[in-house]
Amino acid sequence: MPETEPTTFWEVLAATPVAAFVRENAWAYPLLETLHMLGLALLVGGIVLFDLRLLGRSSEIPVRRLACHILPWVWIGFAINLATGALLFSSDAAEFAANASFRVKIVLIALAGINAAVFQRFAFRDVESWDRGVAAPPRARVLAMVSLVLWIGVVTAGRMMAYLK
Ligand code: HEM
């Protein structure tokens, strides 16, 4: 039975040599999944620790010092998950694109990105006034709470991809 010509964008993506390699090589997919989990650990682990500080945990630790220590690793984790996620996705693009949990995950990642940009723009700019020993202003704490809820949602939706399609 001859292979049918890929027609949709997702079929064309899944037909690329890279996608075929990820699909057919015995080690590519499990290694990418492992990296995807390591990226998650850096990204979500770092964000949770930073948000807990904003919510008042360990208020003796200066927020700016903590940001300098944690946020570069958060960005590295994000980059790892974008790259490994795109490769995992390409291997069965049409199937994943139709996966309800995957769609929820991508929407939550976008919302978490917007939330982080709002934090940077409207809360972090006057951090000197609440850097250490005092509670963060209500807007920073609300954005930290929203961030925690969104990233816990991303991880849950990611895990549910195998169950809620
Ligand atoms: C940036 C933050 C991201 C986080 C925190 C995240 C988190 C997760 C989690 C928790 C899983 C389930 C892993 C498992 O249970 O084995 C998962 C799987 C997956 N993710 Fe992501 N993900 C992210 C980004 C992406 C992106 C941008 C894409 C695609 C463009 C993507 C594609 C996938 C795919 C295809 C799987 C299924 C892998 C499998 O077969 O188990 N992810 N992700």
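The values are calculated or read from the model by the stated rules, or taken from the named source; none is laboratory data. All of these numbers come straight from a predicted model, not from anything done at the bench. Neighbour counts are summed over all protein chains in view; Cβ atoms, including those assigned to glycine, are modelled from backbone coordinates with ideal geometry. Just so you know, the surface numbers come from the protein's heavy atoms only, side chains and all, with ligands and any DNA or RNA stripped out. Shrake-Rupley method; radii C 1.70, N 1.55, O 1.52, S 1.80 Å.
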(request) Look through the range 61-101, keep the residues that are outside any helix (DSSP H, G or I) and within 30 Å of residue 131 (Cβ to Cβ), and return whichever of them is nearest to the ligand (Cβ to nearest atom). (result) 61
(request) Return the pairs, sorted by first residue and then second, in which the second residue is among the hydroxyl-bearing types (Ser, Thr, Tyr), the first residue lies in the range 4-26 and is in contact (Cβ under 8 Å) with a residue 60 or more places away in the chain, the beta carbons are less than 6 Å apart, and the residues are 6+ apart or on different chains. (result) 13/90; 19/90; 19/91; 22/29; 22/91; 23/91
(message) Scan the range 102-118 and tell me whether some residue there is open to solvent by less than 40 Å² (accessible area, probe 1.4 Å), farther than 14 Å from residue 40 by Cβ, within 14 Å of the ligand (Cβ to nearest atom) and among the hydrophobic types (A, V, I, L, M, F, W, C).
(response) yes
(request) Residue by residue through the range 1-46, note down the ones that are within 11 Å of the ligand (Cβ to nearest atom) and either outside any helix (DSSP H, G or I) or of a type in the set (Phe, Trp, Tyr) (or both). (result) 29
(request) Give me a count of the residues in the range 46-95 that are open to solvent by 40 Å² or more (accessible area, probe 1.4 Å) and either within 27 Å of residue 161 (Cβ to Cβ) or of a type in the set (A, V, I, L, M) (or both). (result) 19
(request) Only residues in the range 101-117 that are within 15 Å of residue 159 (Cβ to Cβ) count as the first member; pair them with residues that are of a type in the set (Ser, Thr, Tyr) and surrounded by fewer than 18 Cβ atoms within 10 Å (Cβ to Cβ), Cβ under 8 angstrom, at least 6 apart or cross-chain, and list the lot. (result) 101/163
(request) Restrict the check to the range 132-155 and report whether at least one residue is touching a Ser or Thr at 6+ places or on another chain (Cβ under 8 Å), assigned to a helix (DSSP H, G or I) and at pLDDT 95 or above. (result) no
(request) Looking for whichever is under 17 Å from the mean Cα position of the chain (by Cα) and at pLDDT 95 or above here; the options are 101, 90. Which one fits? (result) 101
(message) Give me the residue from the range 47-60 that is closer than 30 Å to residue 89 by Cβ and of a type outside the set (D, E, K, R) and, out of that set, nearest to the ligand (Cβ to nearest atom).
(response) 47
